[in-house]
Amino acid sequence: MASETDIETAAVDLRRRLARKLEKDGRLRSPEWRAAVEAVPRHRFIPRFYREGHAPGVTTWEPVTSETVGKEEWLRLVYTDETWMTQFDGRDIDWADPKPISNAAPTSSSTLPSLVVRMLEDLDVQDGMNVLEIGTGTGYSTALMCHRLGSESVTSIETDEGVARRAREALTECGHSPHLLVGDGRVGHPDGAPYDRLIATCGFRSIPPAWLEQVRPGGVILTTLRGWMRSLGLVKLIVTGDGASGWFSEDDPSFMIARQQEPPESLGMVPGPDDGTVRRAARGPEVLTSSGSAFMAQLAAPDARFFSMAVDGGTVSTFLLDSVTDSFAVLAPTDGGWQVRQGGPRRLWDAVESAVATWEEYGSPNTAAFGVTVSRDQQVVWLGNPNGPQWPLPS
Ligand SMILES: C[S@@+](CC[C@H](N)C(=O)[O-])C[C@H]1O[C@@H](n2cnc3c(N)ncnc32)[C@H](O)[C@@H]1O
């Protein structure tokens, strides 16, 4: 593959293959989005990126460019159904001499095409609709929307200046000129409102109130919600006159959390050995890591995070700490079961056990049994129906 023309010719074929695969997997369902996937050159949006390495132990990321892996392999990777990382810890990469990266958190990426396309299909757009995207990232999903709706109907907000600049360059190179803004997507862009659709490709702890004012009644908000322990999943809300409501999807795709909502650096105060009150626990720490019960734990303890460590060089305890209210729950093995020591204004483990028990009473359903209602004064996740058991989202 020697010339630019060779790359473009090969890319056309790779895009067709990708579109066929996404269609076969049921992700790509309409001819309009298929045409967009076949037309938008993902390689212009990720000329350089990072992939996860295979070294055991610590997670390491390796640079992928046409120089590091060869043009053919780079292009093949671009058109696989994978998420490719483009930024870590909010810092730009020195592409003149890219090095492997470890001990860093991804802060921007090109999301895997099957998820991008599936969200675009779920958005139910029609010709002439006005769409607001939060999290421009590389600009690939923005370009798909520009192809489908026309640049004038697309507004996209990216919080990171460097990321936004590169997306603008790639979009311009591909002939698209959507309204691009640098800022916090939580405030939206009132000048472009009302929007028929809002799609977010980063995760939020709750629905930003400005979105409800800028999306017209009957319009759709499609976003992932996430907490500090885990993602809650993708939710599709229909905006009403004074709020919004809708259901989670069956699977629980996860996006990086919005920059402004990253958890505080400190996990919180580790309690002393005699702090709190002790009782026998009905559940052990495994509920924090098994998928269904962990979803419930996230709902029940929205400001908490956990870690496990050996206490006094002996048994391993799990610490669930809420740095917002300085509440804690410490789980330690005892007599073939668990004991929990709790303190602070929130009884964290009582709340987790109660939420998990409720979920089990309902038959341990997946996320599709849950929904969200947003009103002016509160936001809740409910189970079964809007009047079912409820857990508030952090405000
Ligand atoms: C997963 S990437 C977006 C992927 C992108 N849509 C694509 O197709 O390449 C998430 C992006 O959201 C951005 N972001 C994080 N918090 C944000 C916020 N509050 N407002 C706008 N963008 C935000 C990140 O900087 C990152 O670039």
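The values are calculated or read from the model by the stated rules, or taken from the named source; none is laboratory data. Predicted, not measured: the structure shown is a model, and the values here were computed from it. Positions of Cβ are generated from backbone atoms using ideal geometry, with glycine treated the same way; all protein chains shown enter the neighbour counts.
Things worth noting here:
- Note on the stretch 254-294: residues that are surrounded by fewer than 19 Cβ atoms within 10 Å (Cβ to Cβ), under 26 Å from Val380 (Cβ atoms) and not small (Gly, Ala, Ser) total 8.
- Scanning the stretch 254-279 for residues that are within 16 Å of the ligand (Cβ to nearest atom), touching a residue at least 60 places away in the same chain (Cβ under 8 Å) and among the hydrophobic types (A, V, I, L, M, F, W, C) gives Phe255, Met256, Ala258.
- Pairs, first assigned by TED's automatic domain parsing to the domain that holds Asp127 in the stretch 141-153, second within 16 Å of the ligand (Cβ to nearest atom) and hydroxyl-bearing (Ser, Thr, Tyr), C-beta under 6 Å, six or more apart: Thr142/Thr136; Thr142/Ser156
- Tally of residues being more than 20 Å from Leu115 (Cβ to Cβ), within 15 Å of the ligand (Cβ to nearest atom) and assigned to a strand (DSSP E or B) across the stretch 196-223: 0
- Residue in the stretch 101-110 that is out of contact with any Phe, Trp or Tyr (no Cβ under 8 Å at 6 or more places or on another chain) and either surrounded by 23 or more Cβ atoms within 10 Å (Cβ to Cβ) or in contact (Cβ under 8 Å) with a residue 60 or more places away in the chain (or both) present: yes
- Hey, Phe319 in contact with a helix residue (DSSP H, G or I) (Cβ under 7 Å, 6 or more places away or on another chain) and in contact (Cβ under 8 Å) with a residue 40 or more places away in the chain or not: no
- Selected residue (criterion: farthest from the chain's Cα centre (by Cα)) from residues of the stretch 52-70 that are surrounded by fewer than 16 Cβ atoms within 10 Å (Cβ to Cβ) and in a helix (DSSP H, G or I): Glu67
- Every condition in (1) surrounded by fewer than 23 Cβ atoms within 10 Å (Cβ to Cβ); (2) polar (S, T, N, Q); (3) at pLDDT 95 or above holds for Ser231 except the one numbered (3).
- Here the stretch 6-28 is the region considered, the condition is being more than 26 Å from Asp251 (Cα to Cα) and small (Gly, Ala, Ser), and the residue that is farthest from the chain's Cα centre (by Cα) is Ala10.
- Some residue of the stretch 234-253 being within 16 Å of the ligand (Cβ to nearest atom) and surrounded by fewer than 19 Cβ atoms within 10 Å (Cβ to Cβ): yes
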